[in-house]
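Below is one structure, written out as structure tokens; comments come after it.
The values are calculated or read from the model by the stated rules, or taken from the named source; none is laboratory data. Since we're looking at a predicted model, the values are computed, not measured. Note: ideal-geometry Cβ built from the backbone for every residue, glycine included; neighbour counts use all protein chains shown. Just so you know, the surface numbers come from the protein's heavy atoms only, side chains and all, with ligands and any DNA or RNA stripped out. Shrake-Rupley method; radii C 1.70, N 1.55, O 1.52, S 1.80 Å.
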Amino acid sequence: MPFQRALVALSLSDADADLLRYAAAVVAGDEAPSIRFLHVLPPKAGGVAGEARRSTAEAAVATLIEQHAPGLMPQAVIEIGEGARIDGVLQSAAANGSDVIVLGHRRGRSGRRSLARRLALMAPSSVWLVPQGSASTLTRMLVPTDFSEHSADALRLALTLARARGLSQLTLVHVRFDSSLSTYPEHSAEFAIAEEDDFHHFLEGIDVRGVHVDAVFEDSAQPTLAILRVAERVKSDLIVMNTRGRSAAAAVLLGSVTSEVMAASHLPVLAVKHYGRQMSMRDVLLSSQFWGRGDVKTS
């Protein structure tokens, strides 16, 4: 598996059951990584009452794991934090060297999954969003690409994940948006040839052994909707995309499509931090100036 130190963020809501089943079947699989389960309590006065809250929450987390992912219990580490949820998740991920944060989102919850999207921007690791009701399967991955080195990172990780899960193929999608694009057949044919060349050049230097990579090319003024349409058409059960930025400014310029896909997808989305690279605890704490302290609608 590409991940060895997973952090599963639990909300102690009904969405946790699906999240735990998914973590056991897909994230861990046959090669179970080290898994830490985190629940962040809302802030309250400490002392005896605070310790009692922590003990109660820890027992609730243990019960959930035993009910829905008993196979993970032997290697599970349970952590109870307190304060703003995004702070607790970020600090735990940085302090424990997590390489992926796995979290759910309740069906019908208001908001646009702002916690997951902000974590994808600021976390020291990749972020795996699992909407409530997601099937605990991994049979076909979709990897959106703009043929950049950043999207090559996402493809490399998807290939590693595919091989670990015994998958023989995955699908790459490139969405082209050019407001000046002419629609006459000769011009469209030229673009199609160029895209095929870009695709083959993109695969050079990427180890695709054992996995066939299909390419899908889409023309659309709405990349997010195009990606979700392709995911449905090819029956994907996971979308793998790169965050392509470490600051708020970079996210606005480069990561907006990933953020929008995370907000809208009914499928799990794996937002990949630059493959093999993590932020330090100091970097995460200093980065708080970018994500602020507003009320975050959590999952």
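One table, with the values for the structure above:
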item	result
Shape of the stretch 41-128, Cα gyration tensor, a/c cut at 1.5	rounded
Among 17-27, 72-82, 89-99, the order from most to least packed when residues are scored by Cβ within 10 Å on average	17-27, 89-99, 72-82
Accessible surface, 1.4 Å probe, highest first, among residues Thr56, Thr258	Thr56, Thr258
Extension gain (nm, one decimal) between Val77 and Ser148, 0.36 nm per residue minus Cα-Cα	21.8 nm
Theoretical FRET efficiency, 1/(1+(r/R0)^6), r = Cβ-Cβ of Arg107 and Leu203, R0 45 Å, to 0.05	0.75
Calculated FRET value between Gln222 and Thr160, using beta carbons and R₀ = 30 Å, to 0.05	0.50
The stretch 121-172 versus the stretch 70-91: alpha-carbon centroid distance in Å	23
Karplus-derived HN-Hα couplings along the stretch 88-101 (A = 6.51, B = -1.76, C = 1.60, θ = phi - 60°), whole Hz, x at Gly and Pro	x, 5, 4, 5, 5, 4, 6, 5, 9, x, 5, 9, 8, 10
Burial ranking of peptide ranges 217-226, 114-123, 146-155, 201-210 (average Cβ count within 10 Å, highest at the top)	114-123, 146-155, 217-226, 201-210
